[in-house]
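The values are calculated or read from the model by the stated rules, or taken from the named source; none is laboratory data. The structure displayed is predicted, hence computed values, not measured ones. Using ideal geometry, Cβ is built from the backbone for each residue, glycine included, and neighbour counts are taken over all protein chains shown.
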Amino acid sequence: MEDSHQFIRTPLEQAHYATIAQTNKMIPMGIEATCVDHQIFDEILQSPVKCRKYGYETKAFDPFLGYSLDIDIV
């Protein structure tokens, strides 16, 4: 499964970096998510953390690219 993951991830990351490089400037955080691979595969991991003593709860949101391929082995 790892090989199929790398198979799709590598060309998409290269396309992403090539798109960014063409702008010849720094791109602000969040703007890079407008490229095609981020529009299709962008996911967010939500991590809630709750303080047991005071009951205060925070949520962290971590973006990541999720590539999931189902390949049947024949």
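Y54 fulfils the conditions (1) in a loop (DSSP other than H, G, I, E, B); (2) modelled with pLDDT under 80 except for a single criterion, (2). Condition test on V49, is it hydrophobic (A, V, I, L, M, F, W, C), surrounded by fewer than 10 Cβ atoms within 10 Å (Cβ to Cβ) and modelled with pLDDT under 75? No.
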